[in-house]
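Some notes on the structure that comes next.
The values are calculated or read from the model by the stated rules, or taken from the named source; none is laboratory data. Nothing here was measured: the structure is a model prediction, and the numbers come from that model. Positions of Cβ are backbone-derived with ideal geometry, glycine not excepted, and every protein chain shown enters the neighbour counts.
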Amino acid sequence: MKSASRKSGDHEVERSAGGVLIKYDEHDRASEVCLIQVPTRGGNPSWRLPKGWIEPEETPEEAALRETREETGCHGEILSTLSEIDYWYTRRGERGGERIKIQKIVKFYMMRYTSGSIEDHDHEVEEVRWYSFSEALKEISYDAEKRVLQEAIHSWDAHLYRQGLM
Ligand code: ATP
């Protein structure tokens, strides 16, 4: 869901939050990460991490958990804070006309899957899939999200080690 972005000089700033949702399958002892596929104008599938706008009454953590739940159909719990990414894009203003420059800042959290099914994802998302880490690193569309995923994989390994699972 959209909320107002904040004006800052010649551009607007939008803030979103998202999750690197990971599950550990004790059965085959492999870890997987959940990616979403969103529609693109060119038609090429674009795989991304789940994320979305931080509503005015929400903390970034609440927004990350809500957006991850809505977009993937799965619930998670936050294990740690990952890096923030930022990028720029432009869109048309409310009444058409000139294009507005947007700086987008996205905070990501590492999450452990707790419940739910990818079949219950939001209709705005085309597809949701669990990927092995190596597949996910190949598929993910944006380099900045790739770096966040790499960071999450390192902390997930440390998490499994602490749990005695590695
Ligand atoms: P949100 O999911 O936070 O509600 P949104 O769906 O409104 O956001 P974005 O995903 O921020 O919009 O996409 C806006 C533009 O920025 C699109 O053109 C998209 O392709 C591009 N974009 C999205 N993520 C990145 C990124 N990590 N790096 C560079 N460009 C990106």
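So here's what we get for this one:
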| quantity | calculated |
| --- | --- |
| Which listed residue is not in a strand (DSSP E or B) and not small (G, A, S), from V128, V148 | V148 |
| Residue within region 92-113 that is in contact (Cβ under 8 Å) with a residue 12 or more places away in the chain and surrounded by fewer than 11 Cβ atoms within 10 Å (Cβ to Cβ) present | no |
| Residue satisfying condition, being closer than 21 Å to E127 by Cβ and aromatic (F, W, Y), within set W53, W47 | W47 |
| Conditions (1) over 19 Å from T40 (Cβ atoms); (2) surrounded by fewer than 14 Cβ atoms within 10 Å (Cβ to Cβ); (3) modelled with pLDDT of 95 or more; number of the one not met by E127 | (1) |
| Spans of strands (runs of 3 or more DSSP E) in region 1-95 with at least 3 residues more than 16 Å from the ligand (Cβ to nearest atom) and within 20 Å of M110 (Cβ to Cβ) | 11-25, 30-38, 74-93 |
| Qualifying positions in region 43-82 - of a type in the set (D, E), free of Cβ contacts under 8 Å to residues at least 24 places away in the same chain and either in contact with a Leu (Cβ under 8 Å, 6 or more places away or on another chain) or surrounded by fewer than 16 Cβ atoms within 10 Å (Cβ to Cβ) (or both) | E57, E62 |
| Hits in region 134-162 - residues which are farther than 24 Å from Y87 by Cα and of a type in the set (F, W, Y) | W156, Y161 |
| Region 109-166, subset more than 14 Å from the chain's Cα centre (by Cα) and of a type in the set (K, R), residue farthest from H27 (Cα to Cα) | K138 |
